[in-house]
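See below for the structure under consideration.
Quick note: the coordinates plus some simple rules give every number you see, no bench work behind them. Fair warning: this is a prediction, and the values are worked out from it, not measured in the lab. Cβ sites come from the backbone with ideal geometry, for glycine too, and all protein chains shown count toward neighbours.
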Amino acid sequence: MRSSKIFSAVYAKQSAMHDVLTFTASAADILEFATIDRAGRDSDGSLSGFQRPQIAGHIRNIRDYLEQDDAVLPNPIVVAFLGGLSVIERTEDGHCRIEIDTSGDTKPGLVVDGQQRLTALSQTSRTDFQLFISAIVCRDEAELKRQFVLINSARPLPKSLIYELLPAMQGLNRRMGERALAAELTARLNFTVGSALKGLIHQHTNPDGILKDTAIQKVIMNSASDGIMRELLQEADGIRLCYDLINEYYWAVRNTFPGDWDGHKPKSSRLVHGAGIIAMGHVMELLAYFDKAKTRDEFAVGLACLKSKTAWTQGEWDFGNGERRSWRGIQNVSSDIAMLSDYLVREVRTDQKERLWSSEQFSKRNHADAEAVE
């Protein structure tokens, strides 16, 4: 049986592409037609939802306030609808009546802003307390997520959450487009079975991760802007090629430095620290370009020279020219990242030249031996 709720509302003349309305409703009414769709990951790693997690202390404070007889909440709850809302009467002076379908298994509305206030009110005995509702009708879920980011951009929304939402959006500027690519590859690394970094990246939907998502994204953005991934992205399956490359590289890193990787957090190992992650990204570029490395075994050859020349978890770094630093002294600041990157690249580049020279000498000896036989 079809059921619905009727509300008196006012509409605003704003975007010709959206209906924008305001009305009042109790928490119980709102929860009949709207849900708080918190961000998470499906079993296959696909992103679902978009809201930040509930903050228990904040909700408790709002709830205690709302229990008071003189409590007021003038700020509206913002609810986006993917259908299910119809304007059944409209007058020229901005008044209207709306009907919200509540008969389906899925609620038509999604709370875009105000989840803490709504949750707090639903936990009180104030059944007569009404909230202002600002409603917007969106064309599809991608548009809904776009509105969520835009509406929340004026307040401190976690960047990690915004970055996870970017891959589903269209019409992004160049800078945000690069970030969207980095966020998509980071999510694949974090949630794909067989990935070297599966479950290890700290994201909004994976708060137990230890690797900073922005550090991994920085590696990808550097490469996509002016590195090996820029070339790979020209291919038809460029994103897959980029994923395969960085995944194989991190398998090589893990296999080369197991004692500095396994069981460590940024405080105990600079290899899994933001500075180490970004600096090692430059090493990946060097090995991919000059050694043509693509597989973990090929990357491992170039990484081997760093085993005795790094101080990820103990000792000190010798950067040359009298510059020495305790392993704990490397911080996630641009100057330290640049110093560490330059050192690692210099050591790997020296090793590459030595390996090239040895290979040439070996070839010359073989050629000379062949001529002697003839």
Please give the contour-minus-distance gain from A28 to L356: 0.36 nm per residue of separation, less the Cα-Cα distance, rounded to one decimal in nm.
110.8 nm
How much net charge surrounds T295 when only other residues with a Cβ under 12 Å from its Cβ are counted (Lys, Arg +1; Asp, Glu -1)?
-2
Rounded, prolate or oblate, given the Cα gyration tensor of region 225-303, with a/c below 1.5 counting as rounded?
prolate
Everything considered on the Cα gyration tensor (a ≥ b ≥ c; rounded for a/c under 1.5, else prolate if a/b is larger than b/c, else oblate), region 161-364 must be described as oblate
GluC sites (Glu not before Pro) in region 211-248 lying in a DSSP loop, each with at most 16 other Cβ atoms within 10 Å of its Cβ, come to E235
Reduced to Cα centres, the span from region 92-142 to region 313-348 in Å works out to 54
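Taking 0.36 nm per intervening residue step and subtracting the Cα-Cα distance, what contour gain separates N321 from E99 on full extension?
72.5 nm
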If I model a spin label at D140 and D64 as a point 7 Å from the Cα along the Cα→Cβ vector, what separation in nanometres do I get?
4.7
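Taking the Cβ-Cβ separation of L233 and E92 as r and a Förster radius of 51 Å, what is the calculated FRET efficiency to the nearest 0.05?
That gives a FRET efficiency of 0.45.
Normalised by the empirical 2.2 N^0.38 Å for globular proteins, what value does the Cα Rg of region 77-133 take? Please list the in-between numbers first.
Numbers: Rg = 13.6 Å, N = 57, 2.2 N^0.38 = 10.2 Å.
In units of the globular-protein estimate, region 77-133 measures up at 1.33.
How much length, in nm to one decimal, is gained on full extension between K5 and I36, taken as 0.36 nm per residue of separation minus their Cα-Cα distance?
Details: separation 31, 0.36 × 31 = 11.16 nm, distance 1.90 nm.
That works out to 9.3 nm of additional length.
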May I ask you to evaluate 6.51 cos²θ - 1.76 cosθ + 1.60, the Karplus curve with θ = phi - 60°, for each residue of region 238-248 and list the ³J(HN,Hα) values in order in whole Hz, giving x for glycine and proline?
x, 5, 5, 5, 5, 4, 4, 5, 5, 5, 4
